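Taking it in order: structure first as structure tokens, then the write-up.
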Amino acid sequence: MSIQDELKSAITAALPDVSCVVGWGAGPEPLRAAPLFIRGEADLEGFSAGFLSVNNPALYLPSLKGSKVGVVVKGCDARSVGQLAAETLIKREEVHVIGYPCRGVIDVDKVAAKLAGACETGEVAALREDGDDVLLNTPKGEVRLAKKDITADKCGRCAFPNAGNADVFVGERCAPVVTEDGYADIADFEARGLDELKAFWEQEMSRCIRCYACRNACPLCVCRDQCVAMSREPHWLSQGDGVRDKLFFQIIHAVHLSGRCTGCGECERACPLGIPVLKLKRALSRRVEKLFGYKAGGGDTPPLLTFLVEEPTIKERDWK
Amino acid sequence: MSVLEGKELRIVGFLCNWCSYGGADTAGVGRFTQPTDLRIVRVPCSGRINPLFVMKALIGGADGVLVSGCHPRDCHYAEGNYYARRRLEVLKGLLPVLGIDPRRFEYTWVSASEGQRWQHVVSSFTAQIHALGPAARFTEAPEPARLGA
Amino acid sequence: MSAENVKKFISFDALPGFLARAAEKNAVYVPRREGNAVVYRSFKAGDEAELGVRPTESCKHVVFPRGEELFSFAREADKEEPGKRRLVLTEASEPGAAVVFGALSCDARGFLAFDPVYNGSGTGGTAKDSYYLRRRNRTLIVVKACKNALNTCFCNWVGGGPASPQGADVLAVEAEQGLVLDILSGEGTAFTESLPAASEAQLAAAAAAVKAAEDSLPKAADVSAAPASLAALFSSAEFWNKESAHCLYCGACTYLCPTCYCFNITDESDGLTGVRLRSWDNCMSPLFTLEASGHNPRPNKADRLKNRVGHKFSYYPSLHSGRFSCCGCGRCIKSCPSSVDIRKIVLDAVKEAANV
Amino acid sequence: MKIGVFICHCGSNIAGTVDCAAVAERASTYPDVVYATDIMYACAEPGQDAIIAAIKKHGLTGVVVASCTPRMHEPTFRKAVERAGVNRYMFEMANIREHVSWIGKDIEANTNKAAELVRMAAAKLRLDRELKPKSFPVTKRLLVIGGGVAGIQAALDAADAGLEVVMVEKQPTIGGKMAKLDKTFPTVDCSSCILGPRMVDVAQHPNITLYAYAELEEVSGYVGNFDVKIRKKATYVDWDKCTGCGLCTEKCPSKKSYDRFNEGVGPTTAIIIPFPQAIPKKASIEREYCRQFNKGKCGVCAKVCPTGAVNYEMQDETVEVKVGGIVAATGYDLVDWKVYSEYGGGRYPDVVTSLQYERMLSASGPTGGHVKRPSDGTEPVNVVFVQCVGSRDPSIGRPYCSGFCCMYTAKQAILTKDHIPGSQSYVFYMDIRSPGKGYDEFTRRVQEEYGARYVRGRVSMIYPKGGKLMVRGADTLMGTQVEVEADLVVLAVGAEASANSSALAEKLRISYDGYGFFMEGHPKLKPVETNTAGVFLAGSCQGLKDIPSSVAQGSAAAAKALGLLSRDMLDSDPQIASVSVNRCVGCRKCIEVCPFKAIQEVDMRGQPKAEVIETVCQGCGLCNATCPQGAIQLSHFTDNQILAEVEALCRF
């Protein structure tokens, strides 16, 4: 049986006990899938998991709290499920987790870069997977691209490709791409220097339209309707279009996620203007990992909700 | 409000009421001379300090931010400073990636009896900020100057 | 064809110089590539306009800024009577003239959905939004016709097309290493005065390009039943829950939409001075209909998505002579992080209503 | 809102380096400020009256006073505005004295800084809301930690006034250091004759429950309602059965135990009653010396005990008590003088501490009141007293004066002469510190009547020579080196905060200084209060003091506690957290971090929500900083208020 079929059987098996299973189905264009809510076997028809399964279905779990639901997850999605459960934002026993080995997902922006000059991604009429490659039907003819060249950055540093906490796991577990996330990207980014980074964020954030897709795509942003980004009480942000306020929202998001972010990258993927907002969160994750050895998603208490009387890793300045 | 041109830089302090604010009082009672730049926001406990207050000050134009609370084990509220320590220590990781010099933010512990320590902390932090000079302000222009232009 | 309607031509080589000259007089906005996005930026000499890849955002912010200062205010103390405060209001400075060069046809048509709301025609002339109108009247739009359709395009469903002249001052069609410019307004005439007339060959190439673009669009679906269908499904929670299940109710769709015109007004003040700010609002936001009591008549995303689709394809047309408040640009589909497809919702609604 | 601003000159304390009129003028332009003036002494009666008059005249709804630290006069001004009908929380202070005028002399900078601090205060005040305290019931019971003379005084005063008192003493007997003293200065009257009856009063008082040989394990709760856990250490003797007959101590074969009460002057048994007047007069086994525990066999005490009270299986026991207030009276310990190798570092048996000497002088002590050299039991002739051993010595981190050593040394010199008429005392001193009623006269008497020879200078070395001790030091008045041949050397060892005082402070959530002494609420105005409501201080735990001062503080602490616990209900501080139920998403993060368990989850129409237990919340604001959406806000220190202060400074 193919993984797809095995997953379908696993979903079918789960359906009687759950109100729905969240997975992926056909999207509005060939390069994009859409989250799929499977409520009955009829919905299974469009189901597919694989290279296009970019959305993190854990996003929907807190809003489905209160009834048992199923969810098909990639390794990174499973980390989100783990973190939500660790924070009691979902009840783990209310979620039936179906895992499968994930070998990476597409980054449409990378496809766009590959196709630049030839056509836009929106002109791709069909996508077909062929082993390690994909074949794209474009107005300029068929284009073959290696998957590794168009796979999301997060997949290149994936240490958890197999949902570790799955109730049902389908297929052969695959080897992690790396064993440790070295945060080399953040080190390189920081190496650009303070002046350049400040200018970088001014430039990037000036594109922000304050749509909050970053926030709403984040599975761990559970304040949602009550987010301080729009509230007046407390009044952290003006509603203006200035770079400072827009950047400050990203700071809020990053600080609220410090010690919680699993690095699923949905914030950055969701941004319609392509602002690399994950960088801020990764900078904090790197620090949290260094200080507390904590990788979000493993199920332990988030490090900022607890403490040690003696912090062996915190070297305080002695002001001598 | 603008700083005293040429003399001062904008330095914001967040101090817990019980220890560090008291320590600053003790320093005052002892007439321990200090630089004039620092403006103190009094909060009940260092645990009250949302790291975002620090960021708000830095993004809003502060040249330096200093947080001070009770020494670990001596929090008036038993545990507030333990949480503060973790949160503020983590926050330091965010500054460089934003293009803010991490030396513009420090946190420390000063007890109500440590007037002299407070004088020392304020003097050295202020000197540190003056050595860094005024912080570059984040623009409010809708279209910032382009990179590489 | 009258003399004024002579089509002009500008080669791509001459374009930067032409735009630079225009930018000396007006603010000129052109699509520019930034990172993975294409956004409208004010043109500066030496810039390269991105006229190939379609802009990620619409150009509506040129006329309808994301955050517009309406006026500023200050409370000034009286020297004689220190306890007294004088409230001093200062109107925001008048915007200058602006040119959008390289807008999509859909973007220009988007303003046609704004106009009846803000110019008073939709209300019998009683409510005119001077802040909108003063920018609208001073903004010249040069549309660059699309060469082909994207997967997400459906302008032909709602009365548009890749080279629709509606709402444009100038319509530019790519031909022969340049642009053939169809002048559609007096302002457009003035703007293109310095340019030579297009040659017959250029005109023929342009016409062929328009034909090819139009042919690249799949046949339009019939959405004439949408207004009634959506009205019929107003109370169908099941339908809207299903359609909105994967929606994550951010504002990307509405903020990228050329026709979404809703705004919020806030005072941003430090107590002494401040500004009254008009900023974009969007009906997908939970705050959009939140009442002061805490009650929200649209408490969940299904209600809000219903409003967004219903407004565009039912309520708005019922108020504004049948025109959909949608220009079919497809940005809401293309940029939706969770792949919500408004076309599917409208068609599902038509189908569902027919079954009811 | 109508804000009035008052800039206090504090005489010249502020006005000397701040242009107060200029600050007032700038303040008059601030948001909502309708009245601003400078004022000579805001806290004095005319100043308060002026504030009240201005409130009435200008219809002020909020007041900013820029003066000294709010830790000093915030309550004063709050009362003042309340007298004028303004809610006491519609008030803010700008600290322009301790934080401005006293720390710099640059008038331009100070004036500008003062004006900005006023701006911050006004910005915060604009967002203040009227707050009303809630009442909660009080547990009318007082915990006294430490059974020395200060604790005894506090306990008796409180108990006599009708309050229930729980006393916890870590030793098997109360009495503290005073019980070890033979006589007291300057009257040279018998220490145990003064203290003994007071100890008995403690034992017999119907309102006092005594837990001796017990320690404070944990304190939770808050003023009026502390929950205290006391650990009763195992004594291996059932005190309900023990009659204090002392038979066990006579028969105990383990006779070489360290005698804690007698400071190791002579050995004692493993099962002990510390001294004849001990309260409670009960036996306890010092496990480390007991053969039953060390060798697994003996059992003599159990066999001889007529009531069968000995129980080798006894375990520590925890008692939980609810109290309304706490007096800490944990006293002091002696500095470890053995760091001074020049004094032998403990190698010379005839170098003793003042407290050991006190035990030798005591008729109930191990030597029966006979002064004998520990080395050979002979009576000394030349006795040398060395003062300031471990006091006024920055090199060992004890730069302070212990305060009472000059006086007790004089007393011991007098007693030496009384005990051994043929003796000669020498006293090496740095300065004689003898302020106090009859004190200086006392130090004169010891020299003039008792012939003690006072040498002003430090001792540089003590070394043995032929059964004697050579004491070498400087006589700075004569400018010469002196060397005295001593039979016995008594070190006036300085005192320090008692061991583990910092750990206790942490349990009580009170502050302590760098030496471990507990911090009083205010050095002048709150000498026995702490910054933690309901916790008071008595005796040397707050700073070293002699008996009269300790007793006075004990009474003062009792008076403060009585004042607090005389009320049936207390007003809670309304500066506490509250939850906006609309905005709470029930994520439980606040519940997780609250140090006081003051937040609980409640169900609101099927939705989990946080709820603050108002009387338990202490107002730290940790929850506020934790809640990502700011649904829980600390009144008077809300996000918006702190943001307003920040933005008053950082908005350009």
Legend entry - Under Karplus coefficients 6.51, -1.76 and 1.60, residue-wise ³J(HN,Hα) of region A:4-18 in Hz, glycine/proline x: 4, 5, 4, 5, 4, 5, 4, 5, 4, 5, 7, 3, x, 9, 10
Legend entry - Karplus 3J(HN,Hα) series, Hz, for region C:339-350 with 6.51 cos²θ - 1.76 cosθ + 1.60 (x for Gly, Pro): 6, 6, 10, 5, 4, 5, 5, 5, 5, 4, 5, 4
Legend entry - Selected from A:229, A:203, A:248, residue furthest toward positive end of dipole (region A:183-256; charges at beta carbon): A:229
Legend entry - Where a label projected 7 Å from the Cα of residue D:533 along Cα→Cβ would reach, residues of region D:105-135 with amide N under 16 Å: D:131-135
Legend entry - chain C: relative contact order as a whole-number percent, Cα under 8 Å and 6+ apart: 20 percent
Legend entry - Alpha-carbon centroid distance for the pair region D:23-58 / region D:181-243, whole angstrom: 53 Å
Inset, instruction - Quick one: angle between helix D:70-83 and the longest Cα principal axis of chain D, in degrees between 0 and 90, rounded to 10, please. - result: 50 degrees
Inset, instruction - Name the aspartates and glutamates eligible as straight-distance cross-link partners of residue D:465: C-alpha to C-alpha under 16 Å, and not fewer than 8 places from it in the same chain. - result: D:342, D:350, D:376, D:483, D:485, D:487
Inset, instruction - May I ask you to sort D:231, B:103, A:32 by Cβ crowding, counting other Cβ atoms within 10 Å and putting the fewest first? - result: B:103, D:231, A:32
Legend entry - Farthest toward positive dipole pole in chain A [+1 Lys/Arg, -1 Asp/Glu at C-beta], among A:56, A:304, A:90: A:304
Legend entry - Alpha-carbon Debye profile of region D:3-125, log10 I(q)/I(0) at 0.10, 0.12 Å⁻¹: -0.24, -0.34
Inset, instruction - Go ahead and set up a Gaussian network model of chain C, Cα springs under 10 Å, then flag whichever of C:198, C:190, C:172 fluctuates most. - result: C:190
Legend entry - Percent antiparallel among DSSP beta bridges (both partners in region C:129-189, rounded to 5): 65 percent
Legend entry - Net dipole in debye of chain C [+1 Lys, Arg Cβ; -1 Asp, Glu Cβ; about Cα centre; nearest 20]: 540 debye
Inset, instruction - Would you mind calculating the relative contact order of chain D from Cα pairs under 8 angstrom and at least 6 residues apart, reporting the percent as a whole number? - result: 13 percent
Inset, instruction - For residue D:454, list long-range residues whose amide hydrogen, built 1.01 Å from N in the peptide plane, is under 5 Å from its own amide hydrogen. - result: D:427
Legend entry - Amide hydrogen neighbours beyond the local backbone of residue C:330, cut-off 5 Å, H modeled: C:154
Inset, instruction - Starting from the amide H of residue D:522, placed 1.01 Å from N in the peptide plane, find each other amide H under 5 Å away whose residue is 5 or more places distant or on another chain. - result: D:529
Inset, instruction - Write down Rg/Rh for the protein assembly as shown, rounded to two decimals, with Rg from the C-alpha atoms and Rh from the Kirkwood relation over Cα pairs. - result: 1.08
Inset, instruction - Please label the shape of region D:85-209 as rounded, prolate or oblate, based on the square roots a ≥ b ≥ c of the eigenvalues of the alpha-carbon gyration tensor (a/c under 1.5 means rounded; beyond that, a/b larger than b/c means prolate, else oblate). - result: oblate
Legend entry - chain A: most fluctuating residue of A:15, A:135, A:52 per GNM, C-alpha cutoff 10 Å: A:135
Legend entry - Hits among lysines - C-alpha to C-alpha of residue D:597 under 24 Å, sequence gap 8 or more where chains match: A:91, D:132, D:134, D:140, D:229, D:322, D:507, D:589, D:609
Inset, instruction - Specify the inter-centroid distance of region A:102-169 and region C:206-265, based on alpha-carbon positions, in whole Å. - result: 27 Å
Inset, instruction - For the pairs C:84/D:56; D:105/D:524; C:312/C:351, note any where the Cα-Cα span goes beyond 23 Å. - result: D:105/D:524
Inset, instruction - Take the alpha-carbon centre of region B:56-116, take the same for region D:567-596, and report the distance between them in whole Å. - result: 24 Å
Legend entry - Dipole of region C:221-356 [Lys/Arg +1, Asp/Glu -1 at C-beta], most positive-end residue of C:231, C:296, C:279: C:231
Legend entry - Cβ-placed point charges (K, R +1; D, E -1), dipole of chain A about Cα centre in debye, nearest 20: 620 debye
Inset, instruction - Mind telling me which of A:117, A:70, A:274 comes out most flexible in a GNM of chain A, alpha-carbon contacts under 10 Å? - result: A:117
Legend entry - Fewest-first sequence of C:157, D:239, B:118 by Cβ atoms within 10 Å of each Cβ: D:239, C:157, B:118
Legend entry - Reachable aspartates and glutamates from residue D:281, criterion Cα separation under 18 angstrom, eight or more residues apart if same chain: D:169, D:201, D:238, D:240, D:250, D:259
Inset, instruction - Report the label-to-label distance for residue B:5 and residue C:45 in nanometres (one decimal), using points 7 Å from each Cα along the Cα→Cβ vector. - result: 3.3 nm
Inset, instruction - Pop out the ³J(HN,Hα) list for region D:346-362 in order, Karplus 6.51 cos²θ - 1.76 cosθ + 1.60 with θ = phi - 60°, rounded to Hz; leave Gly and Pro as x. - result: x, 7, 9, x, 8, 9, 10, 8, 4, 6, 5, 4, 4, 5, 5, 6, 7
Legend entry - region A:239-320: GluC sites (Glu not before Pro) in DSSP coil with no more than 11 other Cβ atoms inside 10 Å: A:310
Legend entry - Value of [θ]222 nm, deg cm²/dmol, for the protein assembly as shown, DSSP H segments ≥ 4, -39500 (n - 2.57) each, nearest 500: -8500 deg cm²/dmol
Legend entry - Between 0 and 90°, nearest 10: helix B:20-29 axis offset from chain B longest Cα axis: 70 degrees
Inset, instruction - Sort A:36, B:91, C:184, D:247 so the one with the fewest other Cβ atoms within 10 Å of its own Cβ comes first. - result: D:247, C:184, B:91, A:36
Legend entry - DSSP-defined beta bridges in the protein assembly as shown - what % are antiparallel, rounded to 5: 55 percent
Legend entry - chain B, relative contact order [Cα under 8 Å, separation at least 6], %: 33 percent
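Read the figures in this text as sums done on the coordinates, not as results from a lab. Bear in mind the structure is a predicted one, so any value in this text is a computation, not a measurement. Glycine also receives a Cβ, built like all others from the backbone with ideal geometry; neighbour counts cover every protein chain displayed.
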